[in-house]
Amino acid sequence: MNFDFSDDQKQLRDQARKFLAEKCPPKAVRVVLDGKETYDRALWKGFAEMGFLGVAIPEEYGGAGAGHLELCVIAEEVGRALAPVPFSSTVYLAAEALMLAGSDAQKQTWLPKIASGETIGTLALFEGTGNPSPKAIKLAAANGVLNGTKKPVADGAIADLIIVAARTASTGRDSDISLFLVDAKAGGVEAKALTNLDPTRGQAELTFTNCKAEPLGTAGEGWSIISQVLDRAAVLTAFEQVGGSDRALEMGRDYALDRIAFGRPIGSFQAVKHMLADMYVSATLARSNAYYGAWALSTNAPELPEAAASARISATQAYQHCGKNNIQVHGGMGFTWEFDCHMYYRRANALALGLGSLSYWEDQLIDRMRKRNAA
Amino acid sequence: MNFDDTPQEAAFRAEARAWIAANAPKQYEDELRASSLGRTALKNANILEVAKAWQKKKADAGWACLHWPKEYGGRGASPIERVIWQQEEGPFGKLSAMFIIGHGMCGPTVMAYASEEHKRQYLPPLASGEKVWCQLFSEPAGGSDVAGLRTRAEKRGDEWVINGQKIWTSGAHYSDYGILLTRTDPTVPKHKGLTMFFLDMKSPGVEVRPIKQASGHSDFNEVYFTDVVIPDSQRLGAVNDGWNVALTTLMNERMSIGAGVATGFPELFDFCSNLVLDDRPAIEDRNVRSKLANWAVKASGLKYTSMRAISALSKGERPGPENSIGKLVAGSMVQDVASYALDLQGAAGVLSGPEADVAGKFQAMLLRAPGTRVEGGTDEIMRNIIAERVLGLPGDIRVDKDLPFNQVPTKGRA
């Protein structure tokens with residue numbers, strides 16, 4: 001049994017960690033946090049040069065053709081460093097949707113540009129409050145044009161390529177939904193940046209007005225493709241969450257070792273130690289569930305839907321837990337803007353929502369477990 | 001990343017599987033499988049006899065204590081082979097419960113500290129289950145604080161005379177031998193005045209009294225020592241070095257990674273799938289689903305944490321510290337799962353007996369769970385271990401560390 005990453009993959013992780021430690025220290029994250037930039041352009045360029053953007057894209061489409069396990073280890077480091085770049089929307093959502101459903105021409109057009117950092121991509125799915133559901137999609141596609149509004153769209157204000165979930169019928173079935181591909185530069189779509197919980201990652205409202213769009217994948221297959229994309233993104237995001245959980249735990253541990261109160265390091269008080277031990281437990285459970293997700297993703301196993309939901313729930317819980325208790329360990333200092341704790345707290349809670357809420361994924365997990373049991 | 005055996009592992013697994021298929025006591029398989037939590041018992045057979053027979057059969061064929069050297073009754077197998085064996089033994093592994101302490105803790109201590117002659121004499125019958133061993137550490141005055149124990153050992157010529165009391169001794173009532181931690185010098189700080197022995201549990205002056213537990217069962221005992229004589233040749237380690245010997249014992253606590261820990265989740269999932277609430281299966285209820293999902297990811301998280309440890313063994317590496325979370329997570333989870341399964345039944349959840357065997361099953365879980373959270377290191381001790389050994393946080397400030405043991409306070413408010 002080898003339920004672990006290979007030495008090469010671990011080396012890639014170390015390489016990514018080193019790169020991010022140098023190019024993406026907290027003060028670089030703060031440039032975006034403080035609203036001075038919409039994302040870290042230099043870092044994004046560095047990602048392309050390091051080959052992070054195309055690691056799972058096949059060589060024939062300009063990528064490294066490595067695979068999803070390699071992408072998982074990079075995602076972990078992206079999460080650990082709070083990298084303020086549109087990595088998840090471009091790589092986990094847009095590139096995955098293209099690889100799953102794109103025609104050869106579409107892949108030839110877009111994937112090399114994603115790998116090179118030239119194109120930022122995203123998926124426009126949500127239309128206001130609510131979780132992923134075909135019923136919630138009102139934006140209409142007819143005669144090759146889209147009309148309607150999407151929000152929130154992750155990195156929507158900076159995206160060049162937008163994959164849009166649109167309604168093409170009204171029978172009440174999943175097959176009412178189809179996917180479309182929009183070149184943002186071609187006009188017909190207006191982006192409005194929205195303020196949000198985690199300013200290190202942009203959110204936008206996109207309004208489509210007679211916007212030209214080309215179909216992505218078979219008409220009526222949209223929901224099926226979205227479900228698959230969300231499962232893949234759930235696993236990859238879980239690695240970001242695991243990386244963030246570990247970092248929040250380390251920050252809390254380090255502070256507990258350094259901070260003296262009542263004449264002793266606060267880490268010697270059981271009330272503090274036990275809080276940190278429980279954070280370690282959450283982070284460990286999340287990591288193990290994420291590894292199972294990585295295995296299912298990399299082998300395209302039939303277990304992927306269940307593994308993805310488990311990874312998603314476990315990683316969401318762990319990051320929220322570690323994010324909030326890291327602040328608690330820091331006491332008053334943890335509640336200041338100056339300390340970095342709130343950046344992890346914000347990211348933890350934003351990632352918890354991006355692909356649909358915890359309760360949505362809980363529901364999904366039980367459905368999928370029942371399906372397996374019935375089979 | 002994969003879940004596949006190496007060719008050598010596959011060959012070992014095939015050999016183990018074939019032998020188990022041909023030799024295991026299959027007539028008990030269903031019963032053993034069903035008794036996943038609470039207590040393992042057999043309706044029409046004495047479980048101790050069945051367990052001993054299975055252990056002897058394994059030993060005769062070279063499948064007992066796989067990781068022990070052959071000359072002491074083992075197989076000289078690698079850690080991963082031991083895990084594979086546990087996976088293949090499956091429900092029959094539950095029959096090993098009565099040997100866990102002897103094989104997992106007493107045996108390694110004897111192996112590390114006894115004379116060669118004693119090792120050859122005592123270890124093979126321990127491996128084969130013909131002789132059962134128990135571990136006599138905890139006392140009324142020393143549970144989590146094991147080094148606070150007060151049972152005295154006094155030297156008289158070539159012998160030691162033991163007086164005192166042990167408690168929470170699992171299996172003392174059916175054990176043939178025990179390893180015994182005693183105080184040999186009360187005038188020095190507590191960790192420095194301890195000495196370890198092994199003794200025959202049939203020695204004159206040893207009295208075993210079962211403890212009736214909160215669950216109503218009796219798995220543990222109090223053991224009283226009144227002028228019990230132990231020859232000096234049965235001392236394990238140097239006089240007053242018993243704490244280091246005890247650490248050897250405690251570090252050898254059973255590696256349960258192959259067998260996996262019971263969480264109660266599969267039982268709860270089945271239960272919620274079959275229970276009807278408001279005219280539909282309980283599992284279709286929003287609240288039920290949310291609870292189930294939360295426990296599902298804990299159960300799978302533990303499962304894949306074990307897989308990571310097994311993978312380390314497979315590569316010949318030491319597993320990381322992550323496996324230390326198992327008991328801490330599973331202990332309170334079983335308790336919560338059991339309580340929730342009863343809650344779903346409303347007032348009828350209180351009933352047990354033949355007409356309410358489902359409620360009874362979860363009640364057994366509920367009543368056993370507090371023990372799991374205490375034995376072998378309380379939840380609080382487990383958190384200390386994670387915080388100190390894994391995260392590197394400082395140990396507690398110990399006010400009795402440098403005090404002579406006989407000056408350590410013994411009473412609180414009273």
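Coordinate-derived values only; no laboratory data. Note that the structure is predicted; figures quoted are calculated from it, not measured. Positions of Cβ are generated from backbone atoms using ideal geometry, with glycine treated the same way; all protein chains shown enter the neighbour counts.
Points worth noting:
- Shielding by partners - mean other protein chain Cβ count within 10 Å, residues of B:317-326: 3
- Cleavage-rule hits (chymotrypsin sites (Phe, Trp or Tyr not before Pro)) in the range A:294-352: DSSP loop, at most 15 neighbouring Cβ within 10 angstrom: A:Trp337
- Contact order relative to length of the range B:305-414, as percent, for alpha carbon pairs under 8 angstrom and 6 or more apart: 22 percent
- Alpha-carbon centroid distance for the pair the range B:365-401 / the range A:227-242, whole angstrom: 34 Å
- With neighbour counts taken as other beta-carbon atoms within 10 Å, the residues B:Val358, A:Val272, B:Val350, B:Val334 rank, fewest first, as B:Val350, B:Val358, A:Val272, B:Val334.
- Relative contact order of chain A, pairs being alpha-carbon contacts under 8 Å that are 6 or more residues apart, as %: 15 percent
- Under the convention that each Lys and Arg Cβ holds +1 and each Asp and Glu Cβ holds -1, the size of the dipole of chain B around its Cα centre is about 380 debye.
- The distance from the alpha carbon centre of the range A:277-333 to that of the range B:38-99 is 35 Å, rounded to a whole number.
- Cα gyration tensor category, rounded, prolate or oblate, for the range B:299-408 with a/c compared to 1.5: oblate
- In plain terms, chain B is cut at each of the GluC sites (Glu not before Pro) found in a DSSP loop with at most 15 other Cβ atoms within 10 Å, and the longest leftover piece is B:1-129.
- The shape of the range B:148-194 comes out oblate: with a ≥ b ≥ c from the C-alpha gyration tensor, a/c is at least 1.5 while a/b does not beat b/c.
- When the C-alpha to C-alpha distance is required to be over 20 Å, the pairs from A:Lys18/A:Lys113; A:Lys27/A:Lys273; A:Lys10/B:Lys315; A:Lys36/A:Lys324; B:Lys131/B:Lys155; A:Lys324/B:Lys291 that qualify are A:Lys18/A:Lys113; A:Lys27/A:Lys273; A:Lys36/A:Lys324; B:Lys131/B:Lys155; A:Lys324/B:Lys291.
- The residue list B:Thr151, B:Gly129, B:Leu48 was ranked by how far each Cα lies along the charge dipole of the range B:40-163 toward its positive end, using unit charges on Cβ atoms, and B:Leu48 comes out on top.
- Burial ordering of A:Arg80, B:Arg373, B:Arg318, fewest other beta-carbon atoms within 10 Å first: B:Arg318, B:Arg373, A:Arg80
- Each Cα pair under 8 Å and six or more residues apart adds its separation to the average, and for the range A:25-80 the resulting relative contact order is 18 percent.
- Among B:Lys57, B:Lys212, B:Lys131, residue whose mean-square fluctuation peaks in a GNM of chain B (springs only between Cα atoms under 10 Å): B:Lys212
- Inter-part distance, the range B:1-18 to the range A:127-188, computed on C-alpha centroids, equals 49 Å.
- Taking the fewest neighbouring Cβ atoms within 10 Å as the starting point, the ordered list for B:Thr187, B:Thr249 is B:Thr187, B:Thr249.
- Overall form of the range B:1-112 per C-alpha gyration tensor (a/c, 1.5; a/b vs b/c): oblate
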